[in-house]
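Structure first, then comments.
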Amino acid sequence: MVKVITYGTYDLFHEGHYRLLQRAKALGDYLIVGVTTENFDKARGKLGVIDSLMTRIENVKKTGFADEIIIEESVGQKFSDIKKYNIDIFTVGSDWVGKFDYLKDYCKVVYLERTKNISSTMLREKKRHIQSIGIIGTGRIANRFIKEARSVSGVNTQSVYNPHPESVKRFAEQWDIDPYSDLENFYKDIDVVYIASPHETHYQYIKSSLEHDKHVLCEKPMTLKRSEAEEVFELAKEKNLILMEGIKTAYCPGFHKLLGVAHSGKIGNVRYIESCFTKLEDPNKRELVDQKFGGSFLELGSYVMLPILKIFGESYTDLKFDSVKSENGLDIFTRASFKFPTGLATATCGLGVKSEGRLLIAGTKGYILVSAPWWKTTYFEVHYEDPNEVEKYSETFLGDGLRYEINDFLMQLTERGRNDFKLTRSESISIAGAMEQFINEFRGNN
Ligand code: CTP
């Protein structure tokens with residue numbers, strides 16, 4: 001019996017897939033089809049797949065060509081599958097010519113002519129209207145956003161707004177997009193607004209964007225008051241628009257894996273979390289000069305609170321802040337101490353004090369340790385009482401990581417909310433509440 005194997009994502013199943021499977025089956029007597037998992041596709045940079053794994057498997061099954069369907073979840077699996085299933089022929093479409101020649105030592109490799117003028121990418125783009133994005137703000141993060149958005153299909157960064165004509169012109173020329181210093185005109189040709197302006201301007205820009213019927217992705221901290229966060233989410237709901245806070249860690253695959261392990265019972269019940277993020281900043285930069293909205297907690301607090309709220313939930317019974325201040329009165333280091341009914345947590349962040357930026361999640365059976373930069377999670381360890389017993393986990397993190405956030409935002413636009421568990425409205429509202437408490441106490445102490 002001649003055994004054949006082939007692999008693919010089979011998203012939005014199309015004629016090219018059908019013809020490939022038909023010819024693959026005809027190469028032998030028994031056809032095994034490997035269908036990629038969502039995580040594997042994400043890890044290899046294929047973001048934006050629309051159909052779920054189950055749907056994609058169902059569609060392959062319906063063709064009747066597959067004698068067996070397996071899932072492909074990691075690099076290197078093809079080699080072991082060939083051995084495991086005793087494969088005679090490995091086949092894929094001609095778009096892969098040469099890429100799998102390394103398998104020739106183990107079986108025959110056949111590249112089948114690809115069907116012309118059809119692909120999942122084409123269908124995805126047709127199905128999804130390309131969302132044109134306008135950016136408010138021209139700072140560092142706006143630059144990073146444009147670069148990352150270019151790696152996500154289905155979006156196009158079209159324009160940028162900044163009230164100062166000179167700076168917006170400079171920024172727009174650099175990226176070859178349209179500059180606006182008039183907000184009304186800026187809103188005209190876009191679907192989505194990405195807000196990357198100074199923190200204190202977010203609330204007004206979110207409101208104004210929603211009022212102009214634009215979906216909004218807003219940099220953290222989304223707002224600095226609980227009531228403002230509640231109000232803008234309510235407005236988005238009324239207008240049937242998507243509003244999402246951009247805390248990029250929340251959307252990273254590695255961070256998700258970490259939350260999965262933390263919630264799995266592996267380390268027992270979580271009783272303590274310590275998260276720290278420090279980034280030494282130039283004392284002349286806005287973050288350390290702006291008396292009203294600068295400082296460490298407003299800048300980095302969203303990151304360090306994220307794992308705490310994701311694991312313990314939002315019902316803390318106590319939250320206390322302690323800060324180290326610079327001569328101009330801004331916090332160069334802040335510690336937020338949380339009490340929850342089932343445990344304790346400390347979030348520390350600093351722009352003027354350097355510390356080890358790690359995340360520690362301690363439970364009744366063991367602990368999870370993630371070294372800096374844990375906010376771009378790629379690797380973490382689980383430790384137990386026996387110091388020799390260490391489990392290691394890793395996950396890909398592509399580019400600057402913003403692409404995951406942009407992709408999830410896009411998914412929410414097209415599928416209306418299936419990804420909103422990654423950073424829920426009430427989590428964003430809680431973060432805004434903590435920011436508000438910090439500002440009130442901090443100003444009170446000044
Ligand atoms: N395939 C083909 N003809 C096409 C499209 C795909 O023969 N027009 C083949 C691929 O070469 C591969 C299999 O179908 O062997 C599954 O490919 P997959 O990557 O799932 O499909 P694409 O349409 O190429 O997807 P994408 O656009 O997302 O890369």
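The values are calculated or read from the model by the stated rules, or taken from the named source; none is laboratory data. Just so we're clear, the structure is a prediction, and the values are computed from it rather than from any experiment. For neighbour counting, all protein chains shown are included, and Cβ atoms are generated from backbone atoms with ideal geometry for every residue, glycine included. SASA here: full protein model, heavy atoms, side chains in, ligands and nucleic acids out. Shrake-Rupley method; radii C 1.70, N 1.55, O 1.52, S 1.80 Å.
Rounded to the nearest percent, how much of the accessible area of the chain (1.4 Å probe, protein heavy atoms only) is carbon and sulfur?
Exposed carbon and sulfur together represent 49 percent of the surface.
Given charges of +1 on the Cβ of Lys and Arg and -1 on the Cβ of Asp and Glu, with all other atoms neutral, how large is the dipole of the chain about its Cα centre, in debye to the nearest 20?
980
Where does helix 140-149 land angle-wise versus the long Cα axis of the chain, in degrees 0 to 90, nearest 10?
Roughly 20 degrees, rounded to the nearest 10.
May I ask you to list the lysines whose Cα is less than 20 Å away from that of residue 99, ignoring any residue fewer than eight positions away on the same chain?
Output for residue 99: 42, 46, 78, 83, 108, 116.
Between residue 104 and residue 71, how many nm apart are label points set 7 Å from Cα along the C-beta direction?
Simple spin-label model gives 3.4 nm for this pair.
Rounded to the nearest whole Å², what accessible area per residue is found for the chain with the 1.4 Å probe?
Numbers: 19890 Å² over 446 residues.
On a per-residue basis, the chain sits at 45 Å².
Hey, how many Å between the Cα centroid of segment 91-170 and the Cα centroid of segment 310-335?
Using only Cα atoms to place each centre, the spacing works out to 39 Å.
Roughly how big is segment 88-243's charge dipole about its Cα centre, with Cβ charges of +1 (Lys, Arg) and -1 (Asp, Glu), in debye to the nearest 20?
Dipole about the Cα centre, nearest 20: 520 debye.
Test of understanding: what is the full-extension gain from residue 174 to residue 386, defined as 0.36 nm times their sequence separation minus their Cα-Cα distance?
Net length gain for the segment: 70.8 nm.
State to the nearest 20 debye the size of the charge dipole of segment 319-443 about its Cα centre, where the only charges are +1 on K and R beta carbons and -1 on D and E beta carbons.
That gives a dipole near 300 debye.
How many nm is it between the label spots at residue 282 and residue 29, if each spot is 7 Å from the Cα in line with the beta carbon?
So the label points at residue 282 and residue 29 sit 7.2 nm apart.
Round to the nearest 0.05 the FRET efficiency obtained for residue 437 and residue 414 when R0 = 41 Å and r is the Cβ-Cβ distance.
Efficiency computed from Cβ-Cβ geometry: 0.70.
Between 0 and 90 degrees, rounded to the nearest ten: what's the tilt of helix 402-415 against the longest Cα principal axis of the chain?
Approximately 70 degrees, to the nearest ten.
Total Lys pairs in segment 243-312 closer than 16 Å by alpha-carbon, pairs eight or more apart in sequence or interchain only?
Value for segment 243-312: 4.
How would you rank 375-388, 295-308, highest first, on the average number of other Cβ atoms within 10 Å across their residues?
Listed from highest to lowest mean packing, they are 295-308, 375-388.
Can you order the peptides 205-216, 265-276 by their average number of other Cβ atoms within 10 Å per residue, highest first?
205-216, 265-276
Along the Cα→Cβ direction, 7 angstrom out, place labels at residue 167 and residue 346. What is the inter-label distance in nm?
If labels sit at residue 167 and residue 346, their model points lie 3.7 nm apart.
What FRET efficiency comes out for residue 122 versus residue 327 if R0 is 51 angstrom and r is the Cβ-Cβ distance? Round to the nearest 0.05.
Computed FRET efficiency for residue 122 and residue 327 comes out at 0.30.
Can you pull the accessible area of residue 425 for me, 1.4 Å probe, Å² to the nearest 10?
Accessible area, nearest 10 Å²: 100 Å².
Straight-line reach from residue 207: which lysines have a Cα under 17 Å away, not including same-chain ones fewer than 8 places off?
Cross-link targets: 188, 220, 225, 237, 239.
Kindly report, to the nearest 10 Å², the accessible surface of residue 424 as traced by a 1.4 Å probe over protein heavy atoms only.
Answer for residue 424: close to 40 Å² accessible.
Nearest 5 percent is fine: what portion of the DSSP beta bridges confined to the chain is antiparallel?
If we restrict to bridges inside the chain, about 45 percent are antiparallel.
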